[in-house]
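Inspection log for the structure reproduced underneath, given as structure tokens.
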Amino acid sequence: MNDIAPHPASRENVLLASYAMHSEDTAGRKHPEPEHAYRGPFQRDRDRILHCSAFRRLAGKMQVFTGDMGDYHRTRLTHTFEVASIARTIGRVLRLNEDLIEALALMHDIGHPPYGHCGEDVLHDCMRQAGGFSHNQFALTIVEDLEQRFNRFSGLNLSAEVLAGQTERANKHQPANVTAPLLEVQVVDAADSMAYDAHDIDDAVQLGLLTIEELSKVRLVDRALQSIEVKFPNLSPKQLRPALVHELVDLQVSHFLEHNVPRIYAAEGKTSAEVREEGLRLDEDQQFTQERRELEKFLFDNIYRHARLLEIRHSAGQRLEQLHGTLVKQPERLPLRFRQRAGSVGPIRAVGEYIAGMTDRFCDMQHEYLFSGVGPLADW
Ligand code: MG
């Protein structure tokens, strides 16, 4: 370290709790690199993710609603920033490592294919013979193999903790270990659902797919509306919608902190490794869990299964299936990089990876070109 600035570890020692993941305790990178003069390892990870091409493509990937449905709603990119913002707020109160939290949050959806969960379902079916498709797993493929940044090796060479955090996400549905994920990883996971519960409501109401009155039957929303009425009585419908989003985020974050702060602060004195081994997990009380489940079920039935979305889902699904099926049969039409990749991971996976990296619009363009043009499709 030269003397431009104090070592990042000295800042962390002042600001972070003992149980946070301190960057001086990192297990490092697969390919060792010298320390940066003033950025800690997780700051560098965050910057590598922010500057990688897969991250920029999140702007062209739908979250729930497609680009041609309007200009108001979230994309996968703006969802990602909302998750990062909520996660940092929680992380700061819990005195966790915000750089690590931000790196994990910016990376968490980087592996999403075009056309959201529909895209994922279709690709999973197309790739069944080759092990299926998971966006969480694909995020790891992107940062470890597909991004090209260094000439000695492929991938972004991220810190072990960032890769392990994403691996925890990919294995989320497997039986839980006694060892808990890093608290920073758990915070990002919690912030993800807090963000989409709130913003999907905002987007759906703005698009006219459901009304605030219909939503008020859900207990958590009703509670938020009552609290708004006390603080800001008589809001116009246009003002009520953003107020509701704010209140829902605030309610969830405040509840989460009230429930977890005493337990987490009580772990002061222990290291990050110790609290992981003890299985320290962030959670919420059962009543709140039930209310969130009720909200999520309502959103599932009324938004994600809305007729307009099912229509889009159907036609996008067909295009993805045609793209995958045709390219597996005609691998010569793949861009060179993916023709080469087919040699190492097989054509079914290589074609799936090529499609998964696309934005919604690029996917439509390549689909059109596949059936109207000649020669290989474009790389992204
Ligand atoms: Mg997400």
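The values are calculated or read from the model by the stated rules, or taken from the named source; none is laboratory data. Remember, it's a predicted structure, so these values are computed and weren't measured experimentally. Because the Cβ atoms are built from the backbone with ideal geometry, glycine has one as well, and the counts that use them run over all protein chains shown.
Step by step: first the residues of segment 90-104, then only those that are within 17 Å of the chain's Cα centre (by Cα) and away from the ligand (no atom under 12 Å from the Cβ), then the one that is farthest from Met21 (Cα to Cα). Which residue is that? Among those that are within 17 Å of the chain's Cα centre (by Cα) and away from the ligand (no atom under 12 Å from the Cβ), it is Ile90.
If you go through segment 233-271 and pick out every residue that is crowded, with 17+ Cβ neighbours inside 10 Å and small (Gly, Ala, Ser), you end up with 2.
Could you count how many residues in segment 59-89 are more than 11 Å from the chain's Cα centre (by Cα) and either charged (D, E, K, R) or more than 22 Å from Ile201 (Cα to Cα) (or both)?
So the first thing to find is which residues in segment 59-89 are more than 11 Å from the chain's Cα centre (by Cα), and the list is 59-62, 64-75, 85-89.
From what's left, either charged (D, E, K, R) or more than 22 Å from Ile201 (Cα to Cα) (or both): 61, 68, 71, 74, 88.
So the count comes out to 5.
I need the full set of residues from segment 338-375 which are surrounded by 23 or more Cβ atoms within 10 Å (Cβ to Cβ), closer than 17 Å to Arg76 by Cβ and among the β-branched types (Val, Ile, Thr), in order please. Ile355 - this is the single residue of segment 338-375 that is surrounded by 23 or more Cβ atoms within 10 Å (Cβ to Cβ), closer than 17 Å to Arg76 by Cβ and among the β-branched types (Val, Ile, Thr). For segment 105-121, the tally of residues that are more than 12 Å from the ligand (Cβ to nearest atom) and in contact with a Lys or Arg (Cβ under 7 Å, 6 or more places away or on another chain) stands at 2. When segment 202-230 is limited to residues that are more than 29 Å from the chain's Cα centre (by Cα) and either farther than 24 Å from Asp285 by Cβ or polar (S, T, N, Q) (or both), the one that is surrounded by the most Cβ atoms within 10 Å (Cβ to Cβ) turns out to be Ser227. If the condition is being surrounded by 11 or more Cβ atoms within 10 Å (Cβ to Cβ), of a type outside the set (Lys, Arg) and out of contact with any Leu (no Cβ under 7 Å at 6 or more places or on another chain), then segment 301-313 contributes Tyr304, Leu309, Leu310, Ile312. Within the set of pairs 6 or more residues apart or between chains, which connect a residue that is touching a residue at least 60 places away in the same chain (Cβ under 8 Å) inside segment 62-77 to a residue that is away from the ligand (no atom under 12 Å from the Cβ) and aromatic (Phe, Trp, Tyr) with Cβ atoms less than 8 Å apart? Sorted first by the residue in segment 62-77, then by its partner, the pairs are Met62/Tyr115; Val64/Tyr304; Thr66/Tyr115; His73/Phe65; Arg74/Phe65.
Just to be sure before I move on: is Leu334 within 24 Å of Thr66 (Cβ to Cβ) and not hydroxyl-bearing (Ser, Thr, Tyr) in the structure I sent? When the stated conditions are applied, Leu334 does not pass them.
In segment 132-150, the qualifying residues are those that are part of a loop (DSSP other than H, G, I, E, B) and modelled with pLDDT of 95 or more, and the one that is nearest to the ligand (Cβ to nearest atom) is Ser134.
At least 2 residues that are under 30 Å from Glu258 (Cα atoms) and of a type outside the set (Lys, Arg) in each: list the helices (runs of 4 or more DSSP H) lying fully within segment 23-130 that qualify.
On the way: elements: 41-50, 53-56, 76-93, 98-107, 116-126.
Ranges flagged: 41-50, 76-93, 98-107.
Table: residues versus (1) within 30 Å of Ser193 (Cα to Cα); (2) hydrophobic (A, V, I, L, M, F, W, C); (3) in contact with a Gly (Cβ under 7 Å, 6 or more places away or on another chain).
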| position | (1), (2), (3) |
| --- | --- |
| Asn302 | yes, no, no |
| Arg305 | yes, no, no |
| Ile312 | yes, yes, no |
| Lys329 | no, no, no |
| Pro335 | no, no, no |
| Val345 | no, yes, no |
| Thr359 | yes, no, yes |
| Leu370 | no, yes, no |
| Ala378 | no, yes, no |
